[in-house]
Amino acid sequence: MSQAVVTDDNCRHVIKPEVVTLPCNKRPCPAVWTPGLWTQCSKSCGQGEQTRILTCMARVSPTLNLTMSSDSCEQQVKPPTSQPCNVQPCTTWHVSNWTQCSSGCGDGQRTRQVQCMDRDNNTLADDLCTDLKPVSEERCNLEECGKGWYYSEWLDECKATCGTGEITRHVYCGDDAGNPVSDQRCDLLKRPATHKSCRANKPCGGAWFVGPWSTCDAVCGPGQKQREVLCIKAFPGGVSAVVTEENCDNSTRPVSTEACQGPTCVSQWYMTAWTECSQSCGTGHRTREVKCLSGDHKPNDECQLESRPRVRDHCNSQECLNPVVTTPLNSTESQAAKCEDQSDHCAVVKRARLCRYGYYQTMCCRSCADEL
């Protein structure tokens, strides 16, 4: 007979048994590591650390957990007690000074550099800085520009009792109504002059005295020569003395500096000493610096190229001689018997007395045997 689960109504004619709960697995559960909550991170940025406490606990009933000694959990894998946190770099916005306003008045603009940087001043991407980015440009000089420069007549009185003096006038920047405003609101390059020279009604009694010209200061070519210019004034009693230049007429002052011409600048080649030879034998090379200089020892390119000295030269071209190694022989015959000539020209080598060189001693060892 097959069995199937049906609704309780089908069993209403019998008493339903009570549900009985029986204990099982009565032995305590093995102790395990139970982690606590992580502490707050030690740093807000730049990689800090947070820790937690591990407790060895054993479950002895559904409602009771007991703290055990650490030895009870030694067979269990111990969870980590620390971990890195807030590993993102510490960043901040660095701003430069504002540039000068693009306009002296009216609607101008100024800018500055804004960069995201770490503690070591390394530039980072902007999205690594979490604070609101400061503005890098703004409007400036929002005042209206002035109408223009206003100026008075020159003052009649020359500020000198004699000789050359100075007169002045008032200049200011004004708005449409003529009211003074900041000079920055007008074009400073077009500001009228406030001072100019003038002459008093009487001379100061001084006279110009000039000394001799100095020699031309140019080693060659154009230069300058100078002389002393003094204002001399005579005093009662036949005494003359040097006085300040205000006592003389500045319009007639002799020049104290004048152009002059030195000797013709002749360019020529200059060279340094040769370096040491790169080889002690067998042909090496040596070098030196060669420059074209004018008469005042300044570099130029007016020297004749065909007369330019060499900057590189061969040296120590003599042949490198191999040391001659002689072997004591019992007899000339025994020496000759041990070798054979390897060249058809050994007779010529012998007549030319070339047997003293190691190369020919090897190539013509039989012919050269009696020459050694």
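The values are calculated or read from the model by the stated rules, or taken from the named source; none is laboratory data. Quick caveat: nothing in here was measured; it's all calculated off a predicted structure. Note that each Cβ is placed from the backbone with ideal geometry, even for glycine, and that neighbours are counted across all protein chains shown.
Side notes on the structure shown:
- For segment 22-43, a residue qualifies if it is exposed (fewer than 10 other Cβ atoms within 10 Å of the Cβ) and at pLDDT below 85, and the qualifying residues are LEU22, PRO23, CYS24, ASN25, LYS26, ARG27.
- Of the numbered criteria (1) farther than 30 Å from GLY174 by Cβ; (2) within 27 Å of the chain's Cα centre (by Cα), the one TRP98 fails is (1).
- None of ARG199, ARG288 is surrounded by 13 or more Cβ atoms within 10 Å (Cβ to Cβ), basic (Lys, Arg), more than 30 Å from THR168 (Cα to Cα) and touching a strand residue (DSSP E or B) at 6+ places or on another chain (Cβ under 7 Å) except ARG288.
- Complete set of residues in segment 180-208 that are more than 53 Å from the chain's Cα centre (by Cα) and either free of Cβ contacts under 8 Å to residues at least 24 places away in the same chain or in a loop (DSSP other than H, G, I, E, B) (or both): ALA200, ASN201, LYS202, PRO203, CYS204, GLY205
- Of all residues in segment 220-242, those being closer than 11 Å to PHE209 by Cβ, in contact with a strand residue (DSSP E or B) (Cβ under 6 Å, 6 or more places away or on another chain) and not small (Gly, Ala, Ser) number 7.
Here's the yes/no breakdown for (1) part of a loop (DSSP other than H, G, I, E, B); (2) among the polar types (S, T, N, Q); (3) at pLDDT 85 or above; (4) under 30 Å from ASP217 (Cβ atoms):
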site	(1), (2), (3), (4)
GLU276	yes, no, yes, no
PRO323	yes, no, no, no
SER334	no, yes, no, no
CYS365	yes, no, yes, no
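- Strands (runs of 3 or more DSSP E) fully within segment 33-117 counting 3 or more residues that are within 30 Å of CYS140 (Cα to Cα): 91-95, 108-111
- Among residues of segment 202-241 being aliphatic (A, V, I, L, M) and either in contact with a Gly (Cβ under 9 Å, 6 or more places away or on another chain) or closer than 30 Å to ASP156 by Cα (or both), the one that is surrounded by the fewest Cβ atoms within 10 Å (Cβ to Cβ) is ALA234.
- Residues in segment 209-264 that are of a type in the set (Lys, Arg) and not in a loop (DSSP other than H, G, I, E, B): LYS225, LYS233.
- Residue count for segment 301-316 satisfying the condition of being small (Gly, Ala, Ser) and either assigned by TED's automatic domain parsing to the domain that holds VAL219 or in contact (Cβ under 8 Å) with a residue 40 or more places away in the chain (or both): 0.
- Subset of segment 117-148 [hydrophobic (A, V, I, L, M, F, W, C) and either closer than 28 Å to THR91 by Cβ or modelled with pLDDT of 90 or more (or both)]: MET117, LEU124, ALA125, LEU128, CYS129, LEU132, VAL135
- Scoring VAL77 on the criteria (1) surrounded by 11 or more Cβ atoms within 10 Å (Cβ to Cβ); (2) more than 51 Å from the chain's Cα centre (by Cα); (3) of a type outside the set (D, E, K, R) leaves a single failure, condition (1).
- Restricting the first member to segment 1-29 and to residues that are free of Cβ contacts under 8 Å to residues at least 24 places away in the same chain, and the second to residues that are of a type outside the set (Lys, Arg) and part of a helix (DSSP H, G or I), the beta-carbon pairs closer than 9 Å and six or more apart or on different chains are LYS16/ASP8.
- Note on segment 279-300: residues that are at negative phi, part of a loop (DSSP other than H, G, I, E, B) and free of Cβ contacts under 8 Å to residues at least 60 places away in the same chain amount to 7.
- Set side by side, the residues THR111, THR81, THR99 differ, and just one is free of Cβ contacts under 8 Å to residues at least 60 places away in the same chain, in the same structural domain as THR51 (by TED's automatic domain parsing) and either closer than 21 Å to GLN40 by Cβ or of a type outside the set (Lys, Arg) (or both), which is THR81.
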